[in-house]
Every structure is written in structure tokens, then in C-alpha cells.
Amino acid sequence: MKSRLIYWLTYAGMWLLALLPLGAFYVLSDGLYFLMHHVAHYRRRVVRMNLRNAFPEKSAAELRDIERQFYHYICDYMLEEVKLLRMPLKELRRRMEYNNKEEFLAMVEKHGGIVLLIPHYANFEWIIGIGSVMREGDLPVQVYKPLHNKYLDAMFKRIRARFGGYNVPKHSMAREIIRLHRDGKRIVVGLITDQSPNLNEAHYWTTFLNQDTGFMDGAEHVAKLLNLPVFYCELEKQGRGYCEVRFDLITETPKETADGEITGHFARRLEQTIRRQPPYWFWSHKRWKLKREDVVQHG
């Protein structure tokens with residue numbers, strides 16, 4: 001009962017806050033930045049360690065500048081997520097530009113669907129408006145990791161389904177996507193592919209940002225299972241509240257690729273994206289907490 005009350009109070013507060021224009025959100029974000037970075041020191045040790053290990057060639061001053069920009073970004077990101085509760089689709093389309101969509105739409109038509117590999121980068125949550133650029137009858141499928149709190153989980157599912165998105169929990173991803181495909185649905189399956197894997201998920205290892213890094217390969221398995229073309233979601237932040245997304249084809253024939261080839265391609269593309277604009281990735285995540293030796297011992 002207590003959790004449910006907290007949920008409704010939180011949801012009501014966010015819903016009212018979402019009435020504010022984005023300009024007001026960014027004023028709030030600047031205040032939140034000061035609190036998170038300079039007062040609470042939110043995960044500052046993790047952020048600094050990640051940046052130092054990822055960019056050993058950069059000076060201390062360069063790393064501090066990336067750190068400062070990252071905290072501004074993460075505060076904007078959190079408030080932009082709240083704004084999604086009330087943001088009209090027309091405004092979202094004005095702020096999120098979908099480039100070269102013709103190729104992925106053609107692939108959806110030809111193969112009955114595609115798999116879209118998405119990183120925790122820039123305004124990635126705003127991709128939920130993708131249904132507005134798809135053909136009638138096409139279904140945007142969002143694979144997500146359920147939150148432990150069922151009420152908060154329900155709130156974020158509500159946000160992500162506002163523009164026609166179909167939410168599928170990660171643990172039932174393959175079964176549900178196969179069902180949709182067999183039912184003749186034309187699907188665009190979006191997966192956040194750079195999450196830190198657990199012991200049972202780290203099937204692919206590579207050097208990523210100068211560190212031995214494990215990646216989940218569930219997206220690759222789904223693509224091969226249904227032989228759906230795979231695209232990389234290239235995000236580029238254009239300023240506060242504006243972002244461009246480009247859909248770059250990785251392969252049209254995933255069954256013809258070697259094991260790990262698609263996941264490896266994603267890792268290389270993501271590294272290029274991050275190096276181009278370093279502040280706009282989730283540096284506060286404990287991305288490298290899992291070590292290869294842990295997986296070997298577990299296995």
C-alpha cells in the first residue's frame with residue numbers, strides 16, 4: 001500500500017511538473033547539476049574512474065571538462081524523461097530528427113521487421129516517437145529490463161508506450177518477438193545493447209574504450225533466429241533538447257554472420273560515437289564491474 005501511494009504521489013508530481021515548458025526544465029536542470037555534481041557528488045568517483053580508464057591520453061583538464069558536461073547532460077536527461085509524460089508528438093518530432101529512415105522502412109517491408117541496436121547515448125529515450133515515421137501497421141517494439149519496484153516500472157512503461165510503442169520485458173523477449181513475427185506483424189525491435197551484463201549474459205568480450213568489456217548478445221541471437229536485418233542507431237546531440245538519429249545498416253543477412261560479429265560491430269560503432277562526443281554516454285554506470293575471470297570461474 002505504501003509503495004502504491006508513493007507511486008501515485010510521484011506520478012502526480014511528475015505529471016504536474018511536465019506542464020512546464022522545456023526552457024523552464026533546463027533552468028531546473030542547472031540547479032540540479034550544482035546539487036548532483038558539487039554537493040552530493042553523485043557517483044563522482046565512478047565517473048572519474050571510468051573517464052580516466054577510457055581516455056588515458058587526455059589531460060586532467062580535458063577529463064574534468066567532459067565530467068562537467070556529463071553532469072549537465074545527465075540532469076537534462078532525467079528532466080527530459082519527465083517531460084515525455086506530457087510532450088506532444090508534434091513537439092517530439094520537431095526536437096528528434098529521424099534521418100535516412102527510407103532504408104530501414106524498406107527493410108521492414110521486405111523482411112517483416114528489423115532489429116535496432118540502441119546505446120545509452122544522448123536523447124535515446126526520445127526514440128519512442130519512431131512510430132510516427134513508420135508505415136501504418138508497423139509495430140515499434142521496445143525491449144526493456146523491468147524495475148524491481150512494480151509501480152515505478154508501470155510508470156516508465158506508460159511513458160514509453162505513449163506513442164504506440166509495444167513494451168516487451170527482456171526475460172520474455174525471444175518468445176514474444178517470435179509470436180509477433182509469426183502473427184505477421186511488421187516489427188522494429190529496439191534494444192538497449194550496452195547495458196552491463198550479468199554473469200549469465202556476458203557471452204561476447206572485446207576491448208572497448210581501452211578496457212576488456214563484456215557485452216550481451218541477445219539482440220544478435222534474436223536477429224539470427226528470425227533473420228531480421230540489423231541496424232545501428234547513431235545518435236548525435238544537436239544541443240539542449242535537440243537530437244538527430246541515423247539508422248546505419250550492419251547486416252541484412254544476420255544468419256550469414258559469424259558468432260559475435262554483429263555484437264562486435266555494435267561495440268566498435270558505439271566507441272566511435274562516444275569518442276566523437278564523450279559527455280553524452282552514461283559514465284555513472286558501473287559498466288566494467290564484471291570481469292572476464294568472474295565469468296570463467298562461474299562457468
Exercise for review: Mind running the shape call on the stretch 246-299? Use the C-alpha gyration tensor, a ≥ b ≥ c as the square roots of the eigenvalues: rounded below 1.5 for a/c, prolate if a/b tops b/c, oblate otherwise.
Suggested key: oblate
Point to revise | Pairwise centroid distance, computed over Cα atoms, of the stretch 9-48 with the stretch 229-299, Å | key: 26 Å
Check your understanding: Check Gln238: other-chain or 5+ apart residues with amide H under 5 Å from its amide H, H built from backbone geometry?
Key -> Cys243, Glu244
Check your understanding: Residue-wise, which Karplus ³J(HN,Hα) couplings in Hz belong to the stretch 201-208, taking 6.51 cos²θ - 1.76 cosθ + 1.60, θ = phi - 60°, and x for glycine or proline?
Key -> 10, 7, 9, 10, 10, 7, 7, 9
Check your understanding: Hey, quick one: spin label on Asn53, modelled 7 Å out along Cα-Cβ, who in the stretch 67-106 has an amide N within reach, i.e. under 20 Å?
Key -> 67-68, 70-71
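May I ask which of Lys237/Lys286; Lys170/Lys255; Lys185/Lys237; Lys90/Lys289; Lys101/Lys157 have a Cα-Cα span longer than 30 Å here?
Lys185/Lys237; Lys90/Lys289
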Practice item. Calculate the dipole size of the stretch 156-216 relative to its Cα centre from +1 charges on Lys and Arg beta carbons and -1 charges on Asp and Glu beta carbons; express the result in debye to the nearest 20. Key: 580 debye
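Within the chain, what is the longest stretch that has no GluC sites (Glu not before Pro) placed in a DSSP loop and near at most 13 other beta-carbon atoms within 10 Å?
Answer from the scan: 137-299.
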Review point. Dipole of the chain (Lys/Arg Cβ +1, Asp/Glu Cβ -1, origin at the Cα centre): which of Leu63, Ile159, His181 lies farthest to the positive side?
Key: Ile159
Exercise for review: Express in nm, to one decimal, how much length is gained between Glu252 and His148 on full extension, taking 0.36 nm for each residue of separation and deducting their alpha carbon distance.
Suggested key: 33.8 nm
Check your understanding: For the chain, what is the accessible area per residue in Å², given a 1.4 Å probe and the full set of protein chains?
Key -> 49 Å²
**Study point:** Top positive-direction residue, dipole computed over the stretch 75-127 with Cβ charges, set Leu89, Ile114, Tyr77
**Key:** Leu89
Review point. Based solely on its DSSP helices, what 222 nm [θ] is calculated for the chain when runs of n ≥ 4 H residues each add -39,500 (n - 2.57) and the sum is averaged over all residues, nearest 500 deg cm²/dmol?
Key: -14000 deg cm²/dmol
Point to revise | Assigned charges on the beta-carbon of Lys, Arg, Asp, Glu; the stretch 205-248 dipole about Cα centre (debye) | key: 160 debye
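Estimate the FRET efficiency between Arg4 and Ala161 by the formula 1/(1 + (r/R0)^6), using the beta-carbon distance for r and 25 Å for R0, to the nearest 0.05.
Efficiency, from the Cβ-Cβ distance: 0.80.
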**Study point:** Point-to-point label distance, Glu103-Leu199, nm (Cα→Cβ direction, 7 Å offset)
**Key:** 4.1 nm
Revision key, fill the gap. Under a Gaussian network model of the chain whose springs join Cα atoms within less than 10 Å, the largest fluctuation of Lys224, Lys157, Lys289 belongs to Lys289
Review point. Between Gly23, Gly112, Gly260, which gets the highest mean-square fluctuation from a Gaussian network model of the chain, Cα cutoff 10 Å?
Key: Gly23
Exercise for review: List, in order, the whole-Hz ³J(HN,Hα) value for each residue of the stretch 29-45 obtained from phi through the Karplus relation with A = 6.51, B = -1.76, C = 1.60 and θ = phi - 60°; use x for Gly and Pro.
Suggested key: 4, 4, x, 5, 4, 4, 5, 5, 7, 9, 10, 7, 6, 4, 6, 5, 5
Revision key, fill the gap. Answer in debye to the nearest 20: the dipole magnitude of the chain about its Cα centre, from +1 Lys/Arg and -1 Asp/Glu charges placed on Cβ, is 1080 debye
Practice item. Give the percent of DSSP beta bridges with both residues in the chain that are antiparallel, rounded to the nearest 5. Key: 40 percent
Check your understanding: Once a ≥ b ≥ c are taken as the square roots of the eigenvalues of the Cα gyration tensor of the stretch 1-106, is the result rounded (a/c under 1.5), prolate (a/b larger than b/c) or oblate (a/b not larger than b/c)?
Key -> oblate
Revision key, fill the gap. In the chain, taking the dipole from +1 charges on Lys and Arg beta carbons and -1 charges on Asp and Glu beta carbons about the Cα centre, the listed residue (Leu9, Ser172, Val133) farthest towards the positive end is Leu9
Revision key, fill the gap. Amide H proximity to Phe208 below 5 Å, modelled H, separation 5+ or other chain, gives Thr213
Exercise for review: Quick one: compute the contact order of the chain, relative version, from alpha carbon pairs under 8 angstrom and 6+ residues apart, as a percent.
Suggested key: 23 percent
Revision key, fill the gap. Rounded to 0.05, the calculated FRET efficiency for the beta carbons of Arg179 and Arg44 at R₀ = 41 Å is 0.40
**Study point:** Three-way shape call for the stretch 144-299 based on the alpha-carbon gyration tensor, with the a/c threshold at 1.5
**Key:** rounded
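The values are calculated or read from the model by the stated rules, or taken from the named source; none is laboratory data. Nothing here was measured: the structure is a model prediction, and the numbers come from that model. Reconstructed Cβ throughout: ideal geometry from the backbone, glycine too, with neighbour counts over all protein chains shown. These accessible areas exclude ligands, DNA and RNA; they are computed on the full protein's heavy atoms, side chains included. Shrake-Rupley method; radii C 1.70, N 1.55, O 1.52, S 1.80 Å.
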